[in-house]
Amino acid sequence: MAQFGTVFCDSFSVARYADGAWQPAKITPLAPLPMHPAAHVFHYASSCFEGFKAYRWNDGKARIFRLHDHVARMQRSAASLRLPVPDADSLAGMVIDVVAQHIGDIPAPPSSLYLRPTLIGTLENIGAAASPSTEATLFVLASPVGDYFDAGARPLRLLVDDQRARSTEQLGSTKTGGNYAAALGPTLEAKAKYGVDQVLFCPNGDVQETGAANFLLISDDEIITKALDTSFLHGMTRDSILRLGNDLGYTITERHFTVDELLQLVATHEAALSGTAACLAPVGGLVYRGEEFKVRDGESGPNTAKLRQALQDIQYGSAPDTHNWLTEVTASR
Ligand SMILES: *Cc1c(COP(=O)(O)O)cnc(C)c1O
């Protein structure tokens, strides 16, 4: 299958906000959006997005994973950027319409349809650096994607950076483009210098997350991850793994922990990154101040595999949806 995120369904849904109101969304053939060069987003980064998946089951219907939670997170992102906040039912409806149109394009599990709602500020005013965009465009793009682990489930190596933050205290939990721009330089530097896959951002020793995934420590009976605050993105995969972990009898510990503690814990705990694209990906090694630290024996561990399996079983329809996470969608063409 083509590289993640490079193939798109041939139609998408678009809605515009102007004169204080959202206009009805329309499904249209996928095409460039006409945009004025003065659009707020180009200059002042007024943009946020979501990323989640729909799966096609054997019954020919699709199931969207945690649709309403992702819609709610997008509303929080929009509000934090002072963008017009989409109505929850309208945005969920746009996603459902796009999925219903494209069920035939969804490859069977473990492949899926990746959904990318995006909201951008389109106010034509380059003088609006310190004022919000009162016009906006919201669209929902769909992209058939393969299994992340097709590429080989090699455990990841991370650079532990105890100086720099991925984002800021006010935007860390907002899914906004600027945060990825901020993480890009440090991540490319780390890849070039240490050959690592990602940077684990731990400003002042506070273990937060990587550029686009949450970080978890997992033993035979406990899952440890940073408690929610505004400094990092509140991943739905993180939340789902914690709930399933609780169901499976793990003690769930959401707390602050430091780099010093982390380096000790990885002697006994598995480490993993969580996110929609990769689900739960094993971490086999850390680099800190030029020194290599193995996570246990450096191989992917059984608890990471077990938790990933529990989540995928629900997504693929081989286990009951005990938490009501799935939205069923029937084909509309
Ligand atoms: C999207 C994202 C995640 C993962 O969120 P999920 O809801 O699990 O996909 C984690 N960290 C960052 C910075 C993200 O952008």
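The values are calculated or read from the model by the stated rules, or taken from the named source; none is laboratory data. In this text, all values refer to a predicted model and were calculated from it rather than measured experimentally. With ideal geometry, Cβ positions are generated from the backbone for all residues, glycine too; neighbour counts draw on all protein chains shown.
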**Study point:** Test result for ASP19, acidic (Asp, Glu) and more than 29 Å from TYR148 (Cβ to Cβ)
**Key:** yes
Study note, to complete from the structure: Quick count over the stretch 170-203, residues being in a helix (DSSP H, G or I) and either of a type in the set (Phe, Trp, Tyr) or in contact with a strand residue (DSSP E or B) (Cβ under 6 Å, 6 or more places away or on another chain) (or both), is 6
Check your understanding: Could you say whether any residue in the stretch 207-215 is β-branched (Val, Ile, Thr) and more than 9 Å from the ligand (Cβ to nearest atom)?
Key -> yes
Review point. Got a number for residues in the stretch 152-169 being part of a loop (DSSP other than H, G, I, E, B) and at negative phi?
Key: 11
Check your understanding: Restricting the stretch 174-196 to residues that are buried (at least 20 other Cβ atoms within 10 Å of the Cβ) and under 19 Å from the mean Cα position of the chain (by Cα), which is farthest from the ligand (Cβ to nearest atom)?
Key -> THR187
Check your understanding: Residue check: is LEU262 in the same structural domain as PRO302 (by TED's automatic domain parsing), at pLDDT 95 or above and under 22 Å from the mean Cα position of the chain (by Cα)?
Key -> no
Review point. Out of all the residues in the stretch 104-129, which are in a strand (DSSP E or B) and polar (S, T, N, Q)?
Key: SER112, THR118
Revision key, fill the gap. Residue count, the stretch 101-143, condition acidic (Asp, Glu) and within 18 Å of ALA38 (Cα to Cα), comes to 2
Point to revise | The one condition in (1) part of a loop (DSSP other than H, G, I, E, B); (2) touching a helix residue (DSSP H, G or I) at 6+ places or on another chain (Cβ under 6 Å); (3) surrounded by 17 or more Cβ atoms within 10 Å (Cβ to Cβ) that SER300 fails to fulfil | key: (2)
Study note, to complete from the structure: Across the stretch 39-89, the tally of residues that are within 16 Å of the ligand (Cβ to nearest atom) and of a type in the set (A, V, I, L, M) stands at 9
Exercise for review: Determine the pairs where a residue that is charged (D, E, K, R), located within the stretch 123-141, has a partner that is at pLDDT 95 or above and assigned to a loop (DSSP other than H, G, I, E, B) with Cβ atoms under 9 Å apart, the partner being 6 or more residues away or on another chain.
Suggested key: GLU124/HIS36; GLU124/PRO37; GLU124/ALA38; GLU124/GLU135; GLU135/ASP19; GLU135/PRO84; GLU135/THR122; GLU135/LEU123
Exercise for review: Can you confirm whether the stretch 113-128 contains a residue that is away from the ligand (no atom under 13 Å from the Cβ) and within 21 Å of VAL283 (Cβ to Cβ)?
Suggested key: no
Check your understanding: What strands (runs of 3 or more DSSP E) lie completely within the stretch 219-280 and have 2 or more residues being of a type outside the set (S, T, N, Q), surrounded by 13 or more Cβ atoms within 10 Å (Cβ to Cβ) and within 11 Å of the ligand (Cβ to nearest atom)?
Key -> 270-275
